[in-house]
Structures are given as structure tokens and as C-alpha cells.
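K.L.:
Please read through the structure below; I'll follow up with questions.
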Amino acid sequence: MSGDKDLRREFQNWNKTRSTEFSQKNDFWTPKEVFDALNERFGPFEVDLAASDENHLVVPFYTKDDNALQFEWNGVAWCNPPYVKQPDKTSLKDWVEKARESVINGEAHRIVMLIPAYTSNGYWHTEIFPYASHLVFFRYRLDFGGPYQTKGGASRQPSVAVVWSKVWSGADTQLLTMSNKGEWLTEEVWDRKLLSLRLKNGVIAQGYYIDGDRFVVVAGSTANADERPSCQAGTKEIREQLRSEGAVDQVEDKLRFQRDVTFSSPSAAATAVRGMPSNGRALWC
């Protein structure tokens, strides 16, 4: 039996990393119904930043030979960039960074980019999550067209359309879902200003920045009831003061914030919640 498990594990590891016949190709065409739905909501698009004579969806358009990365991006742009690293060593990360910079710096009004949903990659956390105005996730894999089209879709990975917009009337990121046939399914707003701190023992605290570096832990948040051995005297005094003022009460095995409490920094807030020295900039997310 152990031999069967080893073989199964070996196959699973191989299957995760294997390349398909066309996995190193870039000429995959956006499904027309998906593009039309995105164009209707976020367009009309004025330029196609990564296209060819055969697959462009907007005029004017940039081809591989033009290399849009070398030009300034303006207006309302559509982009289904190359997913595979290019001969000049540029990668998907470069396209994402260029999109964010173009909108945040005021050069472009809006950019919509269709990319794989590799949410563990670093650029998601530096270029997308903090800056995107909308994220459109797809139910079911997209059936890309083009010369390398395969039954069931050319991509083995899920896709997402990322939108960076200079003018966005909502306060936070809007999350939407669409079918692989271009039908809008759901939408909601993700409050990215409200950050969370979650511990393995079930403690969940939420808060937000005010006036630069000060940090507010909101009512209803929980905290460790007991300090850790490394807890410093100053933190113990703050926690005891919160108890005496009625700002926190003991609820079962945790403390619960009865009102919003403002701390001098995110680290001071995280330290009070955990009952031990803490780096708030790393913990609140």
C-alpha cells in the first residue's frame, strides 16, 4: 500500500509541473463574448496593448514587434498580455507593473488586463490588491481561441480580469464574477481599508489607519485574554487600563472590544491584541 501512495504522490507532483504541448505559447485569443461584456462595462476600449493582425479586438493595437511596454499607455486600454517570459526577459509582472504605474501616475484613464489568477505571485500583493478598482473572476475556465486552441480551453489555470481606474466612485475594490460565456453573475465591494488580524486560537481583530500612522481597533474585535511571557510592562498597563475603562470585557476565553479604540501605531494595536511584542505592519492585512 505504501508503494501505491508513493507512486500516486509522484504522479501528482509530475502533473502539477508538467508542460502541455502549447504551454509555452502566447497566441491565445480572448473569447469574444467575454471581451464584449468587459468592453460594455469598462470601455469602450481605445487601444489593444497586446495583439496581432489576426486577433486584435480594438483599433489601434500594438503587436509583439511594436512592444507596448516601450510606449506610454493612455486613455482606456484593453490588454491580454503574454503569459510566458519573452526573449527580452520581460514577463507578466512587467505588464502588470506598467498598468498600475500608468493609471496611478495619471497617464491612463483605465486599463483592463486579462491574466491568470496566480494570486500567490508577488505582483498580486504589490500591484493588484492595493490598487485595483475591480477584479472580475470567472466561473469555469476560459476557452481561449487561436491557433493553439484545445478542447476545454487553452489555459490550465483560472483567469481574472484586473481593472485599474483613475476615477472610481466606490471607496474600495469591487469584486465581480462572470461566466466563461460573458454573463455577469455577482458583484460585491471588498472594503480594503478595514484590515484584519487573525490568530490560530480564534482571535479576530479588525481595524484601520487614521491620521497617518495611528490605528483604530473596531468594536467587536477580540484579543488574547492572557499576556504572553514576553509582554512588556507598558503593554500590560495599556491592557489593564482598557479593562478598567470598560473598553474591553472578558467573553469566555477572550477579550472583546466594546468600543473603537485608537492606538498610536498598528504595532501598538497588534501588541495589545496579542499580549506580546508584535509587528503590526506585518500582521494587519
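The values are calculated or read from the model by the stated rules, or taken from the named source; none is laboratory data. Nothing here was measured: the structure is a model prediction, and the numbers come from that model. Neighbour counts run over all protein chains shown; Cβ positions are idealised from the backbone, glycine included. Side chains included, ligands, DNA and RNA excluded: accessible areas come from the protein's heavy atoms. Shrake-Rupley method; radii C 1.70, N 1.55, O 1.52, S 1.80 Å.
K.L.:
Return the long-range amide H neighbours of HIS109 (sequence gap of 5 or more, or a different chain), with a cut-off of under 5 Å between placed amide H atoms.
P.N.:
Hits under the 5 Å cutoff: GLY75, VAL76.
K.L.:
If I compute solvent accessible area with a 1.4 Å probe over the protein chains, what percent of it on region 193-285 is carbon and sulfur? Can you show the working numbers first?
P.N.:
Numbers: 2450 of 5070 Å².
The value for region 193-285 is 48 percent carbon and sulfur by accessible area.
K.L.:
Follow-up. Of the listed peptides 61-74, 195-208, what is their order by residue-averaged count of other C-beta atoms within 10 Å, with the highest listed first?
P.N.:
Numbers: 61-74: 14.5, 195-208: 16.3.
Descending packing order for the listed peptides: 195-208, 61-74.
K.L.:
OK, next. Among the listed pairs LYS85/LYS193; LYS89/LYS181; LYS64/LYS93; LYS64/LYS98, which are separated by more than 25 Å between their Cα atoms? Intermediate values should be presented prior to the final figure.
P.N.:
Values: LYS85/LYS193 34 Å; LYS89/LYS181 34 Å; LYS64/LYS93 17 Å; LYS64/LYS98 16 Å.
Exceeds cut-off: LYS85/LYS193; LYS89/LYS181.
K.L.:
So what is the accessible area of region 170-235 per residue, in Å², with the probe set to 1.4 Å?
P.N.:
55
K.L.:
Another one. Enumerate the amide H contacts of SER278 below 5 Å, restricted to partners 5 or more residues apart or on another chain; note that Pro and chain-start residues carry no placed amide H.
P.N.:
Long-range HN contacts for SER278: THR271.
K.L.:
Another question, then. Could you give each residue of region 105-113 its phi-based ³J(HN,Hα) in whole Hz, using Karplus coefficients 6.51, -1.76, 1.60 with θ = phi - 60°, and x for Gly or Pro?
P.N.:
7, x, 6, 10, 7, 7, 10, 10, 10
K.L.:
At 7 Å along the Cα-to-beta-carbon direction for both VAL251 and CYS285, put a label point, then send me their distance in nm to one decimal.
P.N.:
2.5
K.L.:
Follow-up question, since we're still on this one. Based on the Cβ-Cβ distance of ARG243 and GLU187, what FRET efficiency does E = 1/(1 + (r/R0)^6) give at R0 = 51 Å, to the nearest 0.05? Intermediate values should be presented prior to the final figure.
P.N.:
On the way: r = 42 Å, r/R0 = 0.83.
Computed FRET efficiency for ARG243 and GLU187 comes out at 0.75.
K.L.:
Let me ask you something else. Between GLN70 and ALA117, what length in nm is gained on full extension when 0.36 nm per residue of separation is reduced by their alpha carbon distance?
P.N.:
Numbers: separation 47, 0.36 × 47 = 16.92 nm, distance 2.52 nm.
Answer, rounded to one decimal: 14.4 nm.
K.L.:
Scan around MET178 for amide H atoms under 5 Å from its own, H built in the peptide plane at 1.01 Å from N, and keep only partners 5 or more places away or cross-chain.
P.N.:
Answer set, sorted by chain and number: PHE137, PHE138, ARG139, LEU185.
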